[in-house]
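Notes follow once the structure below has been shown.
The values are calculated or read from the model by the stated rules, or taken from the named source; none is laboratory data. Please read all numbers here as calculations on a predicted model, not as lab measurements. Cβ coordinates were reconstructed from backbone atoms using ideal geometry, including for glycine residues, and neighbour counts include every protein chain displayed.
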Amino acid sequence: MLLPFFSAFLITLTLPLSTSANSGHIAPGLSTLLCYPLSSSLNLPDPSPESIATCNTSGIAVRLPPSLSSVTRRSDLYKAMPAGWLYGNWKATYSSQASYFPLHNTQWDLSPLFPQSDSHPGQINDLASYQLENSTVIYTSYGVDTPRRSNNKTLGPEWDDVYHYGWLGDLNQINGSFEALSWGYDTLGVPYLVLYDSPIAAVGTSADIDIFSRSDTGPSKTTVEALSVALQSLNNTQISQYVRDMMPLVQDGARRGLGPVVCDAACVNNTNSALFSHMSPTA
């Protein structure tokens, strides 16, 4: 995932201990995916392993990031996203990354890269766009996402829905990965996506968790609360801290009704990366 962030200057950021779900119980040493019915009370303490419900169409499922697990096989409960489900326009609605907090109306547009590479199939155009406070200018950041299993053919299906991303042009030293922790439909039927973003050594940013929705109002409150409970119940100190740090991002409706962002040559090249000048205004 390629989202911008603030440091000493503004550039773009994208974008677990291990356990496993087996018959609703946590077994140390395997990758965890837990399921919670959305009708569950969210005012109770974190559920014990014995209270974990079986996944079904009315529930949510979460897993640890494969990069933080020593697992060699995928949990039977985690289902990879259907082909093409990730494509299209997403709104960034929650994040634990403080560098995102000053950004307004951040959107994420994904589309298949054409032509596709024979050696690295499944690559995706990754375009982040956003505004700053008191400005109608839309800025962009562009890169290409490659499935980790496309980069490394020895990886098993537990690495489904994990992508390596890289900026192009002037920012080609910026790269990292994002990993789906949960995806599905909220209680209103709107698609949502929860991602873990890796740290970026080149600029010293920490890992984080982000929640995206097809709606700029974000997933329903019930779904967000259920996701928070489920993620913290993965019993991973790092993930739990990111959940506690998560804040709503500014989505004030200023981009409603606007057409899609066009990424021109300067956008693709991420030209002028110093301070704010690296971002290409499109409006």
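Values for this structure:
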| read-out | value |
| --- | --- |
| Criterion (buried (at least 22 other Cβ atoms within 10 Å of the Cβ), within 26 Å of SER215 (Cβ to Cβ), of a type outside the set (S, T, N, Q) and touching a helix residue (DSSP H, G or I) at 6+ places or on another chain (Cβ under 9 Å)) met by exactly one of TYR163, TYR100 | TYR163 |
| Residues that are in a loop (DSSP other than H, G, I, E, B) and either buried (at least 18 other Cβ atoms within 10 Å of the Cβ) or out of contact with any Pro (no Cβ under 6 Å at 6 or more places or on another chain) (or both), drawn from segment 180-213 | ASP186, THR187, LEU188, GLY189, VAL190, SER198, PRO199, ALA201, ALA202, VAL203, GLY204, ALA207 |
| Single residue of segment 78-97 satisfying the filter (at pLDDT below 95 and buried (at least 22 other Cβ atoms within 10 Å of the Cβ)) that is farthest from PRO248 (Cα to Cα) | TYR78 |
| Single residue of GLN131, GLN173 found to be surrounded by fewer than 24 Cβ atoms within 10 Å (Cβ to Cβ), of a type in the set (S, T, N, Q) and not in a loop (DSSP other than H, G, I, E, B) | GLN131 |
| Count of segment 227-245 residues which are assigned to a helix (DSSP H, G or I), of a type in the set (Gly, Ala, Ser) and at pLDDT below 95 | 1 |
| Residue within segment 254-263 that is farther than 24 Å from ILE60 by Cα, modelled with pLDDT of 95 or more and not aliphatic (A, V, I, L, M) present | yes |
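Yes/no matrix, rows are residues, columns are (1) among the small types (Gly, Ala, Ser); (2) closer than 29 Å to LEU113 by Cβ; (3) in contact with a helix residue (DSSP H, G or I) (Cβ under 9 Å, 6 or more places away or on another chain); (4) modelled with pLDDT under 90:
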{"residue": "ILE174", "(1), (2), (3), (4)": "no, yes, no, yes"}
{"residue": "GLY184", "(1), (2), (3), (4)": "yes, yes, yes, no"}
{"residue": "LEU193", "(1), (2), (3), (4)": "no, yes, no, no"}
{"residue": "ILE200", "(1), (2), (3), (4)": "no, yes, no, yes"}
{"residue": "ILE211", "(1), (2), (3), (4)": "no, yes, yes, no"}
{"residue": "ASP216", "(1), (2), (3), (4)": "no, yes, no, no"}
{"residue": "THR223", "(1), (2), (3), (4)": "no, no, no, no"}
{"residue": "MET247", "(1), (2), (3), (4)": "no, no, yes, no"}
{"residue": "ASN269", "(1), (2), (3), (4)": "no, yes, yes, no"}
